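Computed from the coordinates by the stated procedures, all read-outs in this text should not be read as laboratory data. Bear in mind that the values here come from a model prediction, so they are computed numbers and not experimental data. Backbone-built Cβ (ideal geometry, glycine too); neighbour counts: all protein chains shown.
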């Protein structure tokens, strides 16, 4: 059975199961859960892919520096482009945003440039649908600020406004509603080889107050949780002691879960460092809000005076890599393609969004992190940069996420320019 | 009083410091504000149009409003996880310059038909 038919079969089964207890459907999601039409206009508006904006972005890309043999091109105009999920079977990808849209981006003629960008499931209203990822059978997971949805066979169903949907975590049940915040509310996700759905949950403060520390550790806020990707069951806290992770991936070799973490603000222009972390056992503590990086104390400083004398547990786990201060590392991916030279295969690409209020802006680049034979991180180097104008300090773009395409090229999303780029290699 | 004397001082300084181009104090504030707005650009945009869903547009906001609210964030009277951090280190001059810059950006309003 192909992923497509498995997906459709399950969607139908779920639709019938749900139908038995269905209330009078009030909202579109209730209709879609039963595979009924919502009445949304069948003509979905598309985003223009040519013109002044596309030309200006292409011009800006000429300033991006890459190692020899690599080139970067505009792949698609995608407003507010955040995290990406490359479709397993077809020539398309889904792109999350921090607004209300998930984009479906399709290359219809196979020329490695997207031809069509349109909203996914416009019948539904999304709230900060930043996190997108796939189950092993090709079900698309969308993690919003406070809801998780699962779309069977999304890469085949997205042409119309109505799509089959499963409510994995209903609205208001991912975190308690009183902990909802505009700040650090963008989620990221992956489905692991164990079939479980892993979700990063940022904590909403710069540094959480002492009164929230125990509650957040219990809930996995400022941490990572995992659950069954179809019904939300077996939910557990997978990691804690994280400030605001907006990027994760799983090493296909040793199955360890890796994630980035964002720097505390207000401690100075050159501290603390950003982090790349590796989880090797469930429930691991990564030091926050007491320590950032390997040894920068946060508790008791001006940024968190009320945490004075508080410490992480003795067995807390320091980061694998410390990145430069305030560059805001977000999305990451293991490079499992074959197009790039051997040096990159099995390593990690990390997107650095760039600083927001540092005196001199820094970041807006892509790092590459190599691994040692034992599976731990070796060192980090800059792979691509040039989105920040060093003369004026202004941004021409801000990379958010990186994703490997089936041909081994690397996509980069940019929520400032509203675009996706493609980096390819030819010796 | 303090506000007025500082503006007067700025005017005098401007008159003496920049005779060749005769830049007005307001123009100087705006130019300084544009430089300082690099620390605001990722959320509010250098053009004053918000770049993030959780930040407001600042282009064309009334200057006294911007001054008052930045002061409120700095003093703690108004709280926001991002702005409380950003405003903490601002001087009076920073606030004046930023407000001068963002309020000076011209915007065009198109009503919903």
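In table form, for the structure just shown:
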| read-out | value |
| --- | --- |
| Cα gyration tensor shape of the range A:177-238, rounded if a/c is under 1.5, else prolate or oblate by comparing a/b with b/c | prolate |
| Cα centroid separation, the range A:360-427 to the range A:134-190 (Å) | 26 Å |
| Distance between modelled label sites at residue A:73 and residue A:231, nm, 7 Å Cα→Cβ extension | 4.7 nm |
| Average beta-carbon neighbours from other chains, 10 Å sphere, peptide A:349-356 | 2 |
| Computed label-point distance, nm, for sites residue A:311 and residue A:127 using a 7 Å Cα→Cβ extension | 4.1 nm |
| Gyration tensor verdict on chain A (Cα atoms; rounded if a/c is under 1.5, prolate if a/b is larger than b/c, oblate otherwise) | oblate |
| Candidates A:208, A:49, A:27: whichever shows maximal mean-square fluctuation once chain A is modelled as a Gaussian network with Cα springs under 10 Å | A:27 |
| Taking chain A and dividing mean pair separation by its residue count, relative contact order in percent (alpha carbons under 8 Å, at least six apart) | 14 percent |
| Neighbouring partner chain Cβ atoms per residue of A:375-385, average, 10 Å criterion | 0 |
| Estimated [θ] at 222 nm from DSSP helical runs (n ≥ 4, -39500 (n - 2.57)) normalised by residues in the protein assembly as shown, nearest 500 | -6000 deg cm²/dmol |
| Choice from A:288, A:182, A:158 showing the highest fluctuation, given a GNM over chain A with Cα pairs closer than 10 Å | A:182 |
| Relative contact order (%) - criterion: Cα under 8 Å, at least six apart; region: the range B:26-104 | 42 percent |
| Mean-position separation - Cα centroids, the range A:24-68 and the range A:269-307, in angstrom | 37 Å |
| Shielding of B:38-49 by partner chains, average beta-carbon count, 10 Å | 4 |
| The range A:49-161 - percent relative contact order, Cα under 8 Å, separation 6 or more | 19 percent |
